[in-house]
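Undergrad: Here's a structure for you.
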Amino acid sequence: MLEYQLKRYEGETIMELLLQSLFYFSGFIIVWAMVGYPLSLKFIGEIYNKRELEKDYSHQPTVTVMVVAHNEEKVILDKMNKILDLDYPIDKINFLVSSDNSTDKTNEIVRQFIGEHKERNIRLYEVQSRKGKTNAQNEAQKTVTTEYLVLTDANSIMDKNSIKELMAAFTSNDIAYVSGRLKIINQDVSNISNSEASYWDSDMVAREVEGRVQTITAGNGAIYACRNSDYFDFNPIQCHDSAMPLYYGLQGKRAICNHDAIAYEKAGEVIEDEFKRKVRMNRMILKQILPDLRILNIFKYKWFSYFYFGHRTCRYLLWISHLIVFMTNGFLISQSWFYGSTFAFQVLFYLLAMLKLITQVDNKALNMIYYYCVTVVAQWGGVITILTRKARPFWEKAESTR
């Protein structure tokens, strides 16, 4: 009987230690991703405060501006007019619209625009089979002959100096990728667009430090550039935002940001649009947690290893970390007041998100809690699409962003 009780006690102790380990490890992932890593970047930024982004405005190579579009008849004409206003030598800039099997009037509008501006070098590349944005970029890039390639979305409006700024940042051969800054123009329209704008503003701060120190871990599809010779054909299920900086970083090259190269865009104004966008963004989340074991080699990749773990790996683990923290906390709640307090905090946090969902009250704190919870749930959506093999390289655009 005594031996049985000892074995039972040992088993309960081991189980308790396992639950505690899972609780603290998952809790660390959450806290580090959302608080610890951003704070560490402030400290790192102070250490490297004398290292500034170098620019060479005399660097004006030949450039092709590629616009990717699928059924963008509502915005494509405005986009074409705006890119012709870009302040860059006319003889060094080409324009290329890669239409991803558009079935509306997008191609017709672009052809007419080309006919009305024969003095400019504008081309339309028609993708015959819709396989998504990355495939459309891959196909169209093979027709590019300029030294550099600038990629942008159909619904993004580029600042007139954006090309000069992007090119000025390519000051050395080890810089393979330059991302610009996305500014949300409908920030005040709804609490959803406001929360998205706040997210981008905080993320831009992190990227500025990462790029200044060594390399960023992700870009944005609104505005970025690379050497045409450095372009790589990624799998269509991947997106350049996450794949390109990682690819160049593992090659020992740098992906940086120049936030003086600006593009303006609308964020989703309703939660349905923003949720769908985030699910789409997470269609590769399982592979992005640790896409290449080489990242762990901190002796070779230095700050890049640290940046990727804090900015990407930890964030891509939020979906499972929150579940594990909640479940283990429930089992440990009777162990001490600490576990009771942390469980109560979690319940309150999720109840506040539910309160926002039900009442739609406009409160800044509630908006951020709700937006954060939607982000985590969207990660679960991405995981489910992967496990059910429903992840697709293309998607239906959010009309509120047009």
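The values are calculated or read from the model by the stated rules, or taken from the named source; none is laboratory data. Predicted model, so just to flag it, every value in this text is computed and none were measured. Here Cβ is always computed from backbone atoms with ideal geometry, including for glycine, and neighbour counts include all displayed protein chains.
Undergrad: Could you list, in sequence order, the residues of the range 43-84 that are surrounded by 13 or more Cβ atoms within 10 Å (Cβ to Cβ), assigned to a helix (DSSP H, G or I) and of a type outside the set (D, E, K, R)?
TA: 44, 45, 76, 77, 80, 83, 84
Undergrad: Scan the range 85-104 for residues that are part of a loop (DSSP other than H, G, I, E, B) and surrounded by fewer than 13 Cβ atoms within 10 Å (Cβ to Cβ) and jot them down. Full working, then the answer.
TA: Start the filter on the range 85-104 by keeping residues that are part of a loop (DSSP other than H, G, I, E, B), which leaves 85-89, 101-104.
85, 87, 89, 103, listed by residue number.
Undergrad: For the condition assigned to a helix (DSSP H, G or I), at pLDDT 95 or above and in contact with a Pro (Cβ under 6 Å, 6 or more places away or on another chain), what is the one hit in 135, 107?
TA: Details: 107 fails: in contact with a Pro (Cβ under 6 Å, 6 or more places away or on another chain).
When all the criteria are applied, what remains is 135.
Undergrad: Counting just the residues of the range 276-317 that are under 16 Å from the mean Cα position of the chain (by Cα) and among the aromatic types (Phe, Trp, Tyr), which one comes out surrounded by the fewest Cβ atoms within 10 Å (Cβ to Cβ)?
TA: So, considering only residues that are under 16 Å from the mean Cα position of the chain (by Cα) and among the aromatic types (Phe, Trp, Tyr), the one surrounded by the fewest Cβ atoms within 10 Å (Cβ to Cβ) is 309.
Undergrad: Search the range 172-210 for residues being small (Gly, Ala, Ser) and over 15 Å from residue 367 (Cβ atoms), and hand back the single one that is surrounded by the most Cβ atoms within 10 Å (Cβ to Cβ).
TA: Only one residue fits best here, namely 179.
Undergrad: Being of a type outside the set (Ser, Thr, Tyr) and without any contact (Cβ under 8 Å) to a residue 40 or more places away in the chain: is that true of residue 293 here?
TA: yes
Undergrad: Additional query: Six or more apart or on different chains, Cβ under 9 Å: which pairs go from a residue in the range 208-226 that's touching a residue at least 24 places away in the same chain (Cβ under 8 Å) and in a loop (DSSP other than H, G, I, E, B) to one that's of a type in the set (Asp, Glu) and buried (at least 24 other Cβ atoms within 10 Å of the Cβ)? Could you list them?
TA: That search, which allows pairs on different chains as well, returns 216/210; 217/210.
Undergrad: What single numbered condition from (1) part of a strand (DSSP E or B); (2) farther than 18 Å from residue 83 by Cα fails to hold for residue 252?
TA: (1)
Undergrad: Another one. Select from the range 234-265 the residues that are in contact (Cβ under 8 Å) with a residue 60 or more places away in the chain and among the acidic types (Asp, Glu) and write down the one among them that is surrounded by the fewest Cβ atoms within 10 Å (Cβ to Cβ).
TA: 260
Every residue, every condition in (1) more than 27 Å from the chain's Cα centre (by Cα); (2) closer than 22 Å to residue 199 by Cα; (3) not β-branched (Val, Ile, Thr), yes or no:
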site	(1), (2), (3)
328	yes, no, no
336	yes, no, yes
345	yes, no, yes
361	yes, yes, no
387	no, no, yes
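Undergrad: Please enumerate the residues belonging to the range 255-280 that are in a helix (DSSP H, G or I) and touching a Gly at 6+ places or on another chain (Cβ under 7 Å).
TA: Selection gives 274, 277, 279.
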